[in-house]
Amino acid sequence: MAPSFDHLREADLDDEFNEDDIDISDLREKFEVQLEQGYDTFVVIDGLPEVNEEQKPKLVKFLLEKLNSVGKTREDLIYMPMGEDGKSLRFAFVEYSSAAEAAAATRQLDMVPLDKKHTLRVNKMTDIERYGGEGRIDDKYYPPHIDEFTEKEHLRWWLKDPSGRGRDQFVMYRGETVGVYWNNERDQPENIVDRQHWTETFLQWSPLGTYLTSIHAQGVQLWGGQSWTRQARFAHPYVNLVAFSPNEKYLVTWSNRPISIPDAGHPALSIDDDGKNYVIWDIATGAPLRSFANLDLPKAEEGKPMPKLQWPAFKWSSDDKYVARLTQGSSISVYELPRMNLVDKTSIKIEGVMDFDWAPATPQRDSVKSYEQLICFWTPEIGSNPAKVGLMSIPSKEIVRTLNLFSVSDVKLHWQSDAAYLCVKVDRHSKSKKSQATTLEIFRIKEKGVPVEVVDTIKDTVINFAWEPKGDRFAIITTTEPAGPTAVPPKTAVSFFCPERNKGPVAGNFKLLRTLDKKNNNAIYWSPRGRFVVIATIANQQSADLDFFDLDYEGEKPESDKDLTANLQLMNTADHYGVTDVEWDPSGRFVATWVSMWKHSMENGYHIYDFKGEALREEPVDKFKQFQWRPRPPTLLTKDEQKLVRKNLREYSRVFEQQDADRGASADLAVVEARRRMLEEWWAWREEVEADTAEDRAALDLPDDPHAALLAAKTKEMQGSGDAEDRVIEEIVEDVLEESEEVLA
């Protein structure tokens with residue numbers, strides 16, 4: 001048998017094709033699985049209670065419930081280090097299934113109470129590495145440097161007007177200049193600060209007047225204090241719009257451009273905010289609480305315009321504890337501040353929901369806890385189901401009241417300022433859908449069971465509705481024209497409604513007080529104190545009427561209005577050509593109207609009227625853009641103290657009238673003193689000129705009085721010619737009929 005040489009061939013092949021000599025780098029590069037680098041999925045939980053080995057599983061199980069509320073993790077992915085004494089070191093490492101879940105845990109679980117004595121602190125592992133990695137923390141302890149206390153400016157300094165007159169401030173933006181002024185009624189406003197290029201787009205006061213907001217490509221800045229220093233900045237690139245919470249605790253910024261975090265990082269935002277459009281900020285700390293992307297707008301129906309982005313997209317409860325966002329057609333998401341976590345960890349599912357709004361004040365209702373807030377919403381008709389308006393209590397999510405509606409084209413929700421009433425303006429269509437009318441459904445929030453009153457005296461379409469602030473009356477503007485834009489502004493009618501007199505604490509039913517027909521008005525502006533209202537025509541090239549009404553006129557009341565809680569009187573009318581905006585000052589004493597170059601290119605400038613409609617000041621301003629009164633915070637007086645002030649108002653009025661008289665007298669005295677000073681300066685100048693003239697005459701050997709010398713020469717000449725007898729001498733006799741003396745104070 002021939003010998004086998006297979007073993008020799010195998011040995012030769014091993015020598016020739018050694019595994020280490022084969023180059024497969026191209027295949028490895030193509031097919032190698034890329035493992036996730038870093039610790040993006042890890043978080044560090046601090047603030048845990050100290051436990052031993054027996055207690056540790058129970059703590060891990062309890063902790064796991066909270067950890068899984070924001071993501072997915074397991075018991076074996078929680079590592080809790082133990083000390084040499086057999087007790088835990090009060091922190092743990094947790095691994096989530098994704099980096100997004102780890103980021104959510106950091107955002108939603110940080111500062112969450114674990115029990116009565118322990119509060120969780122949650123941080124990303126990467127943040128700890130970044131801020132406290134090797135070489136970043138010195139092993140040697142150095143006591144922290146504490147800066148010396150420096151007193152900051154009072155942010156509400158303007159409430160104590162240095163003049164003692166309780167004036168209000170306003171801001172004007174014209175050209176590239178921004179100025180803040182004291183309102184001096186008829187006189188030139190007193191400038192407080194004037195700066196060039198203070199903002200790049202527009203200005204906005206915070207709701208309580210504490211901050212002036214400027215908008216820039218880099219973000220938003222807040223200014224305040226007597227020296228108008230920067231109080232805060234929020235770096236949101238290319239920001240377009242801002243909105244404050246009612247109590248100025250939080251700020252929402254929005255940009256139409258999604259946020260893009262550069263490789264070098266961002267001073268405030270993180271990689272989790274990349275691609276988002278909205279950011280909610282904590283004003284006190286300047287930290288971002290959470291960011292959101294734009295919601296996809298619903299598709300436009302055939303023959304209808306594209307839906308617009310709703311602003312504000314986030315709406316606040318009156319106490320700043322909750323903020324909500326609408327996903328039109330499906331749900332309302334309510335977030336609790338400051339953690340920005342969903343209430344009950346889920347959105348409120350409401351099929352077809354079109355709009356919602358918070359009550360502007362905490363509702364005062366029997367057997368309702370003080371922290372409960374009200375939210376109202378409406379849904380359209382879906383199939384055979386009617387349209388619906390609902391009232392929901394937050395955070396309990398209890399439905400307080402619902403109302404079914406039929407043949408509905410549109411619904412608008414209007415809260416009264418004290419949340420005593422909610423008016424649901426319902427535009428209804430006929431069966432053929434060719435005609436339209438409006439009904440007003442008024443929810444009486446403070447009454448038991450929240451009854452609904454229907455105001456059924458309206459036959460036309462309501463194009464504007466406004467409640468009286470701090471009151472129970474309202475005004476509407478109606479038209480018989482079909483809904484939608486028209487070439488010529490439609491003719492309108494203005495109607496005022498008020499409750500009937502009622503002996504009990506509950507207001508009576510709403511009745512029509514008066515209707516004014518054949519008008520051009522399209523806007524309603526109530527005084528922030530109630531009672532007075534301006535019915536205006538704005539953005540209309542043919543008309544610019546301003547009608548000033550008093551609903552508590554102290555004159556004689558018509559017999560037909562004896563049972564109603566109002567006495568309507570037209571106080572004055574005015575006309576401001578091209579007017580684009582109207583705004584009351586926070587005291588309710590003055591009204592400003594202006595023409596902005598953003599809306600109208602001609603007659604730019606502003607007018608100021610008193611509450612009676614008397615024009616106090618008219619000032620044309622070139623390139624005038626914006627005018628805004630500075631808001632005031634609520635009064636610190638209690639209701640009893642306010643009643644006492646109203647009771648003694650006549651006594652206070654005497655003091656104010658005397659101050660006004662003294663100010664007028666001082667102004668007159670200043671004018672007299674200025675004229676007297678000018679006269680004295682003129683006499684001094686004349687004496688100086690006469691002295692110089694006398695010196696010149698003496699030097700030239702001329703008579704001291706040239707007129708006397710000339711007259712003497714003329715007389716001598718006439719006597720020499722014999723004409724002296726023919727001269728006629730005229731004497732003027734002046735009698736004093738009456739003399740009086742007035743002493744200027």
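The values are calculated or read from the model by the stated rules, or taken from the named source; none is laboratory data. Since we're looking at a predicted model, the values are computed, not measured. Reconstructed Cβ throughout: ideal geometry from the backbone, glycine too, with neighbour counts over all protein chains shown.
Can we say THR457 is hydroxyl-bearing (Ser, Thr, Tyr), in contact with a Leu (Cβ under 7 Å, 6 or more places away or on another chain) and either crowded, with 17+ Cβ neighbours inside 10 Å or modelled with pLDDT under 90 (or both)? Outline the logic, then answer.
Values: hydroxyl-bearing (Ser, Thr, Tyr): yes; in contact with a Leu (Cβ under 7 Å, 6 or more places away or on another chain): yes; either crowded, with 17+ Cβ neighbours inside 10 Å or modelled with pLDDT under 90 (or both): yes.
Criteria met by THR457.
Could you check segment 90-108 and list, in sequence order, the residues that are among the aliphatic types (A, V, I, L, M) and either in a helix (DSSP H, G or I) or over 19 Å from TYR39 (Cβ atoms) (or both)?
ALA99, ALA100, ALA102, ALA103, ALA104, ALA105, listed by residue number.
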Within segment 213-227, considering residues that are under 13 Å from VAL180 (Cα atoms) and touching a Lys or Arg at 6+ places or on another chain (Cβ under 8 Å), the one modelled with the highest pLDDT: TRP223
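Can you tell me which residues in segment 607-638 are assigned to a loop (DSSP other than H, G, I, E, B) and under 20 Å from GLN188 (Cβ atoms)? Break it down into steps so the answer makes sense when it comes.
Of segment 607-638, the ones assigned to a loop (DSSP other than H, G, I, E, B) are 611-614, 621-623, 630-638.
If the condition is that a residue be assigned to a loop (DSSP other than H, G, I, E, B) and under 20 Å from GLN188 (Cβ atoms), then GLU614, VAL621, ASP622, LYS623, ARG630 are the ones that fit.
Conditions tested, residue by residue: (1) loosely packed, with under 10 Cβ neighbours inside 10 Å; (2) at pLDDT 75 or above.
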| residue | (1), (2) |
| --- | --- |
| ASP704 | no, yes |
| GLU717 | no, no |
| ASP723 | no, no |
| ASP726 | yes, no |
| ILE732 | yes, yes |
| GLU738 | yes, yes |
| VAL743 | yes, no |
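Where in segment 228-274 are there strands (runs of 3 or more DSSP E), lying fully within it, with 3 or more residues that are out of contact with any helix residue (DSSP H, G or I) (no Cβ under 9 Å at 6 or more places or on another chain), surrounded by fewer than 19 Cβ atoms within 10 Å (Cβ to Cβ) and not aliphatic (A, V, I, L, M)? Before you say what the answer is, go through the steps one by one.
Working: elements: 229-234, 241-244, 250-254.
Passing ranges, in order: 229-234.
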Subset of segment 309-348 [β-branched (Val, Ile, Thr), under 17 Å from GLY390 (Cα atoms) and without any contact (Cβ under 8 Å) to a residue 40 or more places away in the chain]: THR327
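What is the residue count in segment 396-408 for residues that are free of Cβ contacts under 8 Å to residues at least 40 places away in the same chain and in a strand (DSSP E or B)? Outline the logic, then answer.
Narrowing segment 396-408 to residues free of Cβ contacts under 8 Å to residues at least 40 places away in the same chain: 396, 398-399, 402, 404-408.
Now narrow it down to the ones that are in a strand (DSSP E or B): 398-399, 402, 404-405, 408.
Residues meeting the conditions: 6.
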Flag for SER432 being of a type in the set (Ser, Thr, Tyr) and in contact (Cβ under 8 Å) with a residue 24 or more places away in the chain: no
Long-range neighbours under 7 Å by Cβ, at least six apart or interchain, first residue on the phi < 0 side of the Ramachandran plot within segment 222-243, second of a type in the set (Asp, Glu): GLN226/GLU153; SER227/GLU153
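Where residues in segment 512-529 are assigned to a loop (DSSP other than H, G, I, E, B) and modelled with pLDDT of 95 or more, which of them is farthest from the chain's Cα centre (by Cα)? Even if it seems obvious, please write down each step before you answer.
Taking segment 512-529 and keeping what is assigned to a loop (DSSP other than H, G, I, E, B), we get 520-522, 527-529.
When the remaining residues are screened for being modelled with pLDDT of 95 or more, the result is 527-528.
Working: SER527: 17, PRO528: 15 Å.
Selected residue: SER527.
Would you mention how many residues in segment 153-186 are surrounded by 10 or more Cβ atoms within 10 Å (Cβ to Cβ) and either in contact (Cβ under 8 Å) with a residue 40 or more places away in the chain or of a type in the set (Lys, Arg) (or both)? Give the steps one after another, and end with the answer.
The initial filter retains those residues of segment 153-186 that are surrounded by 10 or more Cβ atoms within 10 Å (Cβ to Cβ), namely 153-159, 161-163, 165-186.
Next, from what is left, pick out any that are either in contact (Cβ under 8 Å) with a residue 40 or more places away in the chain or of a type in the set (Lys, Arg) (or both): 153-159, 165-175, 180, 183, 185-186.
Total satisfying the criteria: 22.
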Single condition SER417 does not satisfy, out of (1) more than 25 Å from the chain's Cα centre (by Cα); (2) surrounded by 15 or more Cβ atoms within 10 Å (Cβ to Cβ); (3) of a type in the set (Ser, Thr, Tyr); (4) in a loop (DSSP other than H, G, I, E, B): (1)
Number of the condition not met by LYS503 [criteria: (1) of a type in the set (D, E, K, R); (2) under 18 Å from THR479 (Cα atoms); (3) in a loop (DSSP other than H, G, I, E, B)]: (2)
Flag if SER596 is surrounded by 17 or more Cβ atoms within 10 Å (Cβ to Cβ) and hydroxyl-bearing (Ser, Thr, Tyr): yes
